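The values are calculated or read from the model by the stated rules, or taken from the named source; none is laboratory data. The structure presented is a predicted model; accordingly, all values stated were derived computationally and were not measured. Cβ atoms come from the backbone with ideal geometry, glycine included; neighbour counts cover every protein chain shown.
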Amino acid sequence: MLLRSAVVMACLVVLTPPVSRAAARHVGHDLQSAIDSAQPGDTLSLAAGTYEAKPAEFIDSLCGNCQDQRTRHHASYGFHVKDKSLWIVGAGTGKTILVTKAGYGVFFDNAGESGITNLAITGGIRDTCGMATDAAIVARNTRLTVANCWIRDNTQYPESTIVGIGGVMGREGAELIVLNNRITNNTWDGVALYRGATAYIADNEIAKGRGAGVGVTWDATATVLRNRVSGYWKGIGSFGATRVVCKNNIVFNLIGWGIVATGTSYMDCANNVVYQCGNCGFGLWGPDVHGRLANNVFVKNGWREQWVCPRVGVWNYGHPIQFPMSNNLLWENVEGDWRDMPDYTDEYGNVHADPVWDTLTFAPLPGSPLIDKGNSELSDPDGSACDIGIYGGPQAFRTPVEVSRSAPVDTRKKK
């Protein structure tokens, strides 16, 4: 898929990859030496092969997820891009493999406009300090594009820490484009944003991990579109004072909630499919949350005993008047559709009905109640009345996407 610019809504900035870059340099197997000797704006072209890091320990002067942001703590990095713009381009995700052996696998630190693409990142080793925001890619004060990568099998972490190693972590001042990646079989959040980060996260497969598929925390901002999130503890969440646009995602086969909005966050949650999550499909969690819930599909949620929320389609622990809910379809949720709020069935366009869809792609079949029944404030890409679900709305999937139907697995147990 070609990179494309995106207008990031809800008070986000416009993120676009740089139009041109400086010289391309071919790299031997000492990638860090090539990074250190590169000139700002260079492109490092990596041939097929395995590039193993020589990890280095350091003191991180800021903490991504501590109450006191200035809490210093121990961490490690595998490859370090610091104080220069740099693009790292591989020969393909099955050909160019970075083995990081560290907590911050590839650490972009004050790295201007940088990018990493067309390669695999694996072999991370969790830092023993639980405050470290370990991930295959960590970015701070950098405008970074992560595209067409396979971030996989970062699984080594000790019993002494709950957190493992995530996929992509945006730290202070990071502006991220995370596009068309596979983020699979890691041990913490697929994509997580902390203080001062902003991101456009689209068209990724985020599968089989611990924590959340996408977590937007503190005061971060994000647009989250057309991702396939599965096999995590939890799905897509807005926390703290964040601002999130969450549209046309497929969230399925989790053990906790599918999508949640909490804290003082704002979430525009529209045209998602939330299927077969362990507890609630959607949770409105807190009296100060605002947003909109429109054109979503919540089906067969509640397959396991209650853990983080009831086994229902939509659960309220806030004020629905601050979070209008319209034109959603709910069906076969284990303990009902609506909990701790009025029953909105047949109110505001919400329905309890069989979606009548293709079970592999979630595409509506002829006669489906998903067709043309969406919120009138939104429309489909061709200008027609909006469908409910992932094939409706301006950010709709344009072609059918097949989704695996394997049985959900409880991933809270350490591997």
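With respect to (1) surrounded by 19 or more Cβ atoms within 10 Å (Cβ to Cβ); (2) assigned to a loop (DSSP other than H, G, I, E, B); (3) more than 23 Å from the chain's Cα centre (by Cα); (4) not aromatic (Phe, Trp, Tyr), the lone exception for Asp343 is condition (1). If the condition is being surrounded by 12 or more Cβ atoms within 10 Å (Cβ to Cβ), outside any loop (DSSP other than H, G, I, E, B) and either of a type in the set (D, E, K, R) or out of contact with any helix residue (DSSP H, G or I) (no Cβ under 6 Å at 6 or more places or on another chain) (or both), then the range 38-57 contributes Asp42, Thr43, Ser45, Leu46, Gly49, Thr50, Glu52, Ala56.
Would you confirm whether any residue within the range 197-216 is crowded, with 24+ Cβ neighbours inside 10 Å, touching a residue at least 24 places away in the same chain (Cβ under 8 Å), within 19 Å of Arg311 (Cα to Cα) and under 16 Å from the mean Cα position of the chain (by Cα)? Within the range 197-216, one or more residues are crowded, with 24+ Cβ neighbours inside 10 Å, touching a residue at least 24 places away in the same chain (Cβ under 8 Å), within 19 Å of Arg311 (Cα to Cα) and under 16 Å from the mean Cα position of the chain (by Cα).
Looking only at the range 227-234, decide whether some residue is under 17 Å from Val163 (Cβ atoms), surrounded by 23 or more Cβ atoms within 10 Å (Cβ to Cβ) and in contact (Cβ under 8 Å) with a residue 24 or more places away in the chain. Spell out how you get there, then give the answer.
Going through the range 227-234, the residues under 17 Å from Val163 (Cβ atoms) turn out to be 232-234.
Add one more test, that the residue is surrounded by 23 or more Cβ atoms within 10 Å (Cβ to Cβ), and what stays is 232, 234.
The next check asks that each one be in contact (Cβ under 8 Å) with a residue 24 or more places away in the chain; those that pass are 232, 234.
There is at least one residue in the range 227-234 that is under 17 Å from Val163 (Cβ atoms), surrounded by 23 or more Cβ atoms within 10 Å (Cβ to Cβ) and in contact (Cβ under 8 Å) with a residue 24 or more places away in the chain.
When Thr117, Thr145, Thr122 are checked against the criterion of being within 15 Å of the chain's Cα centre (by Cα) and of a type in the set (Ser, Thr, Tyr), Thr145 stands alone in meeting it. Of the numbered criteria (1) crowded, with 24+ Cβ neighbours inside 10 Å; (2) free of Cβ contacts under 8 Å to residues at least 24 places away in the same chain; (3) not acidic (Asp, Glu), the one Arg70 fails is (1). Number of residues in the range 156-174 that are modelled with pLDDT of 95 or more and surrounded by fewer than 23 Cβ atoms within 10 Å (Cβ to Cβ) equals 2.
If I filter the range 70-77 for residues that are at pLDDT 95 or above and either out of contact with any strand residue (DSSP E or B) (no Cβ under 6 Å at 6 or more places or on another chain) or among the polar types (S, T, N, Q) (or both), do I get at least one hit? Show your work before the answer.
Step one: of the range 70-77, the residues at pLDDT 95 or above are 77.
Now drop any that are not either out of contact with any strand residue (DSSP E or B) (no Cβ under 6 Å at 6 or more places or on another chain) or among the polar types (S, T, N, Q) (or both), which leaves none.
Among the residues of the range 70-77, not one is at pLDDT 95 or above and either out of contact with any strand residue (DSSP E or B) (no Cβ under 6 Å at 6 or more places or on another chain) or among the polar types (S, T, N, Q) (or both), which makes the answer no.
When you scan the range 360-375, do you find a residue that is at pLDDT below 95, within 24 Å of the chain's Cα centre (by Cα) and not basic (Lys, Arg), even just one? Within the range 360-375 (the criterion being at pLDDT below 95, within 24 Å of the chain's Cα centre (by Cα) and not basic (Lys, Arg)), the answer is yes, since at least one residue qualifies.
Has the range 238-245 got any residue that is out of contact with any Ser or Thr (no Cβ under 6 Å at 6 or more places or on another chain), modelled with pLDDT of 95 or more and part of a strand (DSSP E or B)? Within the range 238-245, none of the residues are out of contact with any Ser or Thr (no Cβ under 6 Å at 6 or more places or on another chain), modelled with pLDDT of 95 or more and part of a strand (DSSP E or B). Evaluation of Gly112 against the conditions (1) assigned to a strand (DSSP E or B); (2) among the small types (Gly, Ala, Ser); (3) without any contact (Cβ under 8 Å) to a residue 40 or more places away in the chain shows that the sole unmet condition is (3).
Rundown of residues vs (1) polar (S, T, N, Q); (2) surrounded by fewer than 24 Cβ atoms within 10 Å (Cβ to Cβ); (3) at pLDDT 95 or above; (4) farther than 19 Å from Ile201 by Cα, yes/no style:
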{"residue": "Asn249", "(1), (2), (3), (4)": "yes, no, yes, no"}
{"residue": "Gly256", "(1), (2), (3), (4)": "no, yes, yes, yes"}
{"residue": "Asp288", "(1), (2), (3), (4)": "no, yes, yes, yes"}
{"residue": "Val308", "(1), (2), (3), (4)": "no, yes, yes, yes"}
{"residue": "Trp315", "(1), (2), (3), (4)": "no, no, yes, yes"}
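Condition first: closer than 18 Å to Trp218 by Cβ, out of contact with any Cys (no Cβ under 8 Å at 6 or more places or on another chain) and free of Cβ contacts under 8 Å to residues at least 60 places away in the same chain. Can you find one or more residues in the range 115-126 that meet it? Give the derivation first.
First pass over the range 115-126, keeping only residues closer than 18 Å to Trp218 by Cβ: none.
Within the range 115-126 (the criterion being closer than 18 Å to Trp218 by Cβ, out of contact with any Cys (no Cβ under 8 Å at 6 or more places or on another chain) and free of Cβ contacts under 8 Å to residues at least 60 places away in the same chain), the answer is no, since none of the residues qualifies.
When the range 127-137 is filtered for residues that are within 18 Å of the chain's Cα centre (by Cα) and either over 14 Å from Phe58 (Cβ atoms) or in contact (Cβ under 8 Å) with a residue 60 or more places away in the chain (or both), the ones remaining, listed by number, are Thr133, Ala135, Ala136, Ile137. With the structure loaded, tell me whether Leu86 is buried (at least 24 other Cβ atoms within 10 Å of the Cβ), modelled with pLDDT of 95 or more, in contact with a helix residue (DSSP H, G or I) (Cβ under 7 Å, 6 or more places away or on another chain) and within 18 Å of Val27 (Cβ to Cβ) or whether it fails that test. Here the answer is yes, as Leu86 does meet what is asked.
The number of residues in the range 61-92 that are over 24 Å from Gln156 (Cα atoms) and not in a loop (DSSP other than H, G, I, E, B) comes to 5.
To keep it simple, each residue is scored yes or no on (1) surrounded by 24 or more Cβ atoms within 10 Å (Cβ to Cβ); (2) closer than 16 Å to Val191 by Cα.
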residue: Gly90; (1), (2): yes, no
residue: Thr93; (1), (2): no, no
residue: Leu119; (1), (2): yes, no
residue: Gly124; (1), (2): yes, yes
residue: Asp127; (1), (2): yes, no
residue: Ala139; (1), (2): yes, yes
residue: Leu144; (1), (2): yes, yes
residue: Ala147; (1), (2): no, yes
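How many residues are modelled with pLDDT of 90 or more and either surrounded by fewer than 14 Cβ atoms within 10 Å (Cβ to Cβ) or assigned to a loop (DSSP other than H, G, I, E, B) (or both) when one looks only at the range 376-415?
Selection size over the range 376-415: 24.
Residues that are within 22 Å of Ile88 (Cβ to Cβ), of a type in the set (Ser, Thr, Tyr) and at pLDDT 95 or above occur at least once in the range 189-204.
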